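The values are calculated or read from the model by the stated rules, or taken from the named source; none is laboratory data. Just so it is clear, the model here is predicted, and its values are computed rather than measured. Using ideal geometry, Cβ is built from the backbone for each residue, glycine included, and neighbour counts are taken over all protein chains shown.
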Amino acid sequence: MLRSFVVWFDDFLAGEGPSAVVRGILGLLSFAGLLGALLGSAAVKAGVIVAVLLILLGVTQLLLRDRRGMARQLARHRRLVSRYGKVVDEMNPTYEVLSWDQAAHILNSRGDTQESVAISVKVLRGDMRLIRLIFGCGWEQPAKYRRGVRISVRNLLVGDSPGTSREVTHSWVADGKADVMIHFAEAPPEGSEVRFMVTLDWPGKCSPLMNGDTDDFTFRFLHQSVARVSYRIVLPPGYEAYNEPIGFEPGDARFRLDTSTGEDDGRRRYLFRAAPLPVRLKAGVSLELKNVGRRDVDQRRLAGAPR
């Protein structure tokens, strides 16, 4: 009987939202208070209220256990979707990446980062139903950071104006690496070009850089060369970094690395570009902050920031 009540209560909360929890608790406590007032004794009043609170505590524990089970099941389903999507993507290539323009805005000394990636792909087959991408950070993030990552995808129209959003799922294939899959309800026509923007809000993504370590910002495409790629890294105000190319030698006409300062906000910018980027070549830029001293790092450690 209690189990049936919990199932009903869980469905009710899912439909009504958090405010229903508050209303339910206040209603039960008011009912307990009314019973205590009718019965008259202060001891009876306290006993009724304690009994109601114990019931609420028991129901809450059952709900939390059920939620944890659902979370594990959802994570398992995401891993399976990721696994089979990888198999389909590798066995039957259905698209070709034409261009990839990524920008990472590091927001603060904790390394919280907002990234946007404008991607253009050519449809190779008329049965393309998904696009699989891998995004990662330079350290093995614990779960408390990964839970805060938010990923969304939106179509790009003519003139880079935003269109409607697309369904997206992701699974963590490693502690700091997300397997992102973009789904298509209907396959685009063969030979057409599809453009979209991936937005990632990623807590602590650039913590190694902001804690004084060297951090790499790179690309690598395993199955094809890409005609044009770029990666812009924007530091928080007041920071500057040493920079070094990865995967290419200075003077190579295919690659370019530029630094600049924003005229509006004064933030330092580092821009890596390649045209083309050869298949399987890992290329980009390595950064190390100039103005992070030992004292700054120790203070962030004491504040709980990762090292």
Among the residues of the stretch 129-148, is there at least one that is touching a strand residue (DSSP E or B) at 6+ places or on another chain (Cβ under 6 Å) and more than 22 Å from Trp172 (Cα to Cα)? no
Give the number of residues within the stretch 182-210 that are within 22 Å of the chain's Cα centre (by Cα), assigned to a loop (DSSP other than H, G, I, E, B) and over 14 Å from Ile106 (Cα atoms). 1
What pairs come up if the first residue lies in the stretch 199-225 and is touching a residue at least 60 places away in the same chain (Cβ under 8 Å), the second is acidic (Asp, Glu) and part of a loop (DSSP other than H, G, I, E, B), and their beta carbons are under 7 Å apart, counting only those six or more places apart or on different chains? Pro203/Asp112; Gly204/Asp112
Name, by its number, the condition in (1) of a type in the set (A, V, I, L, M, F, W, C); (2) crowded, with 16+ Cβ neighbours inside 10 Å; (3) more than 25 Å from Pro276 (Cβ to Cβ); (4) at pLDDT below 90 that does not hold for Ala71. (2)
Of everything in the stretch 122-155, what is within 22 Å of the chain's Cα centre (by Cα) and within 17 Å of Val226 (Cβ to Cβ)? Give them in sequence order. Ile131, Arg132, Leu133, Ile134, Phe135
Can you pull out the residues in the stretch 169-204 that are of a type in the set (Lys, Arg) and in contact with a Phe, Trp or Tyr (Cβ under 8 Å, 6 or more places away or on another chain)? Lys177
Restricting the stretch 143-156 to residues that are free of Cβ contacts under 8 Å to residues at least 40 places away in the same chain and not small (Gly, Ala, Ser), which is farthest from Asn211 (Cα to Cα)? Arg147
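Every residue, every condition in (1) of a type in the set (Gly, Ala, Ser); (2) within 11 Å of Phe135 (Cα to Cα); (3) at pLDDT below 90, yes or no:
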position	(1), (2), (3)
Asn155	no, no, no
Pro162	no, no, no
Arg166	no, no, no
Ser171	yes, yes, yes
Asp175	no, no, yes
Ala178	yes, yes, yes
Ser192	yes, no, no
Asp201	no, no, no
Gly212	yes, no, no
Could you look through the stretch 167-196, keep only residues that are among the charged types (D, E, K, R) and surrounded by fewer than 18 Cβ atoms within 10 Å (Cβ to Cβ), and pick out the one that is farthest from Thr94 (Cα to Cα)? Asp175
Got a number for residues in the stretch 114-151 being in a strand (DSSP E or B) and either more than 13 Å from Ala178 (Cβ to Cβ) or not assigned by TED's automatic domain parsing to the domain that holds Gly191 (or both)? 10
Within the stretch 217-227, is there a residue that is basic (Lys, Arg) and surrounded by fewer than 17 Cβ atoms within 10 Å (Cβ to Cβ)? yes
With the checklist (1) assigned to a strand (DSSP E or B); (2) more than 22 Å from Arg125 (Cα to Cα); (3) in contact (Cβ under 8 Å) with a residue 40 or more places away in the chain in hand, flag the one item Trp172 doesn't pass. (3)
Of those in the stretch 138-166 that are of a type in the set (Ser, Thr, Tyr) and more than 18 Å from Gln102 (Cα to Cα), the residue surrounded by the most Cβ atoms within 10 Å (Cβ to Cβ) is Tyr145
Among Arg269, Arg273, the single one that is more than 17 Å from Asp215 (Cα to Cα) and at pLDDT 95 or above is Arg273
Could you tell me whether the stretch 255-265 includes any residue that is surrounded by 15 or more Cβ atoms within 10 Å (Cβ to Cβ) and among the hydroxyl-bearing types (Ser, Thr, Tyr)? no
Which members of the stretch 96-113 meet the condition of being assigned to a strand (DSSP E or B) and among the hydroxyl-bearing types (Ser, Thr, Tyr)? Ser99, Thr113
